[in-house]
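The values are calculated or read from the model by the stated rules, or taken from the named source; none is laboratory data. Just so it is clear, the structure is predicted and the values come from calculations on it, not from any experiment. All Cβ positions, even for glycine, are placed from backbone atoms using ideal geometry, and neighbour counts span all protein chains on display. Surface areas here come from the heavy atoms of the whole protein model, side chains and all, with no ligands, DNA or RNA. Shrake-Rupley method; radii C 1.70, N 1.55, O 1.52, S 1.80 Å.
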Amino acid sequence: MYKVLLIDDDKTARYILKRFNWKAYGFTIAGEASDGKEALQMLTNDSFDLVITDIKMPGMDGIEFSNELKWANVDICLIFLSTHSDFKYAKQAIRLGVFDYITKPVDDAVLCEVLERVRLHLARKESSRLKIQEEHRLIEESLAVHYPVNKEKEIMAYILAGKAAAMAVAEETVNELAEMLGRDTLKLEQLLAIILANFNQVIAKHFPWLPNFENTVYQDKIERSNSLAVVKASFLTCVSSRIKVIRKYELHHTDSVISRTCQYVMEHIEESNTLEVIANEVLLHKDYLGKIFKQKTGLNLNDYVTKAKMEHAKQLLGMGKYKNYEISERLGYSSPDYFCRLFKKYTRQTPLEYKKRLGL
């Protein structure tokens, strides 16, 4: 049975939905929430296959909830419930990646049709996941070599420690794999890509805010080539880039000024993060904090804060429900014009142009 989470502030609406014969379609109601905030808490403690949420709710509404899922990179099938008056929001939701929407009051026939498509979607998704797992298994079997778990862990430990020793172990690992694979560069590239993907998962788990500022860490790939030297160099470059990022933000020091500063900025993105405020939080004089941040990262701290806020502004604009002055206020700017100038400088688009590009 696929697990369903219902989100609606209207208890009656939830009760009516629960009376539907979910099991006949392979689903079961596994949880209920009254708004998006409560649902997010539930998702941290349990897993669901399908989330059905109302669009308009007090507290965190459906649009904000879906945006939070996207921001946190949570992959889950999401359906919106909307009244006819909310239709424009439903259309925006589809553009943001929501699976579908159903108008209230919910018609059983419509719900049946949607659930059939959801079940097919989830089945294909599971099939794809199993196929990838099977491909990984076949790679290991066909290569007649056990996946280099210990080597992977050793390289990852060195990366998180910001140590160049990762490079030597990485090169040694590539050489050993190439030898065992008979210098089959295609299979080698596939195996190294799996290792690299695992590196990315570990880094994202430790520093979930990092991809918003260092996208290249998650975009680089193992270069496909018939040349062993090219494949090896590509993998070593990827390892090196991750070490550099760890050292750039001093993430190898758990209590480092840079790491604490970056984390604070992300956690208080909708507050007025002045240099003085941040300095007080990390217990340093503002002049010294500004100096050391520039030395270590190459960025002025104020520029870093602006970049963080502009990335968050892009998320808010993508929701399609906030006006420029509302986003300006949420980000702690007193002047909407000033916010628009910052956004244009950062993205080379006005907020209106950015929304049009998204089809909003």
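Here the sum of -39500 (n - 2.57) over DSSP H runs of 4 or more residues, divided by the residues of the chain, equals -19500 deg cm²/dmol at 222 nm, to the nearest 500.
Quick one: if the Förster radius is 35 Å, what FRET efficiency do Lys153 and Thr83 give, using the C-beta to C-beta distance and rounding to 0.05?
On the way: r = 52 Å, r/R0 = 1.49.
Step by step, r from the Cβ atoms, then E = 0.10.
Taking one quarter of the surface of the C-alpha convex hull of the range 237-360 gives a mean projected area of 8.7 nm². Rg then Dmax, both in Å and based on the Cα atoms of the range 198-304: 16.4, 55. For the range 1-42, the square roots a ≥ b ≥ c of the C-alpha gyration tensor eigenvalues yield an a/c of 1.5 or more together with a/b not exceeding b/c, which makes the shape oblate.
Taking Rh as the Kirkwood radius computed over C-alpha pairs, what is the Stokes-Einstein D of the range 151-194 at 37 °C in a medium of viscosity 0.692 mPa s, expressed in µm² per second? Can you show the working numbers first?
Working: Rh = 10.8 Å.
The Stokes-Einstein estimate is 303 µm²/s.
Normalised by the number of residues in the chain, the mean separation of alpha-carbon contacts (under 8 Å, six or more apart) gives a relative contact order of 11 percent. For the peptides 106-119, 160-173, residues were scored by their other Cβ atoms within 10 Å and the scores averaged per peptide; the highest-first order is 160-173, 106-119. When a 1.4 Å probe is rolled over the protein heavy atoms, the share of accessible surface on the chain that falls to carbon and sulfur comes to 50 percent. Shape summary of the chain, radius of gyration then Dmax from alpha carbon positions: 23.9, 65 Å. Computed over the chain with a Gaussian network model linking Cα atoms closer than 10 Å, the most mobile of Asn200, Asn21, Asn45 is Asn45.
Provide Asp61, Asp49 ordered by accessible surface of protein heavy atoms (probe 1.4 Å), highest first. Intermediate values should be presented prior to the final figure.
Working: Asp61 20, Asp49 50 Å².
Ranked from most to least accessible, the order is Asp49, Asp61.
Beyond 29 Å between alpha-carbons counts as too far, so tell me which of Lys187/Lys248; Lys291/Lys323; Lys3/Lys307; Lys163/Lys345; Lys70/Lys221; Lys294/Lys345 fall in that bin.
Working: Lys187/Lys248 33 Å; Lys291/Lys323 36 Å; Lys3/Lys307 38 Å; Lys163/Lys345 36 Å; Lys70/Lys221 23 Å; Lys294/Lys345 21 Å.
Lys187/Lys248; Lys291/Lys323; Lys3/Lys307; Lys163/Lys345, as the Cα separations exceed 29 Å there.
Under the 0.36 nm per residue contour assumption, what length would be gained going from the current alpha-carbon distance of Ala109 and Thr28 to full extension? Could the numbers behind the result be given before it?
Numbers: separation 81, 0.36 × 81 = 29.16 nm, distance 1.77 nm.
Working it through step by step, the gained length comes to 27.4 nm.
If I take R0 = 22 Å and measure r between the Cβ atoms of Arg124 and Gln41 in this structure, what FRET efficiency does the formula 1/(1 + (r/R0)^6) give, to the nearest 0.05? With a Förster radius of 22 Å, E is 0.15.
Over all other residues within a Cβ to Cβ distance under 11 Å of His268, the charged ones net out to -3, with Lys and Arg as +1 and Asp and Glu as -1.
In this calculation the C-beta distance from Arg357 to Val74 is compared with R0 = 30 Å, giving a FRET efficiency of 0.80.
In square angstrom, what is the accessible area per residue of the chain with a 1.4 angstrom probe?
Per-residue value: 53 Å².
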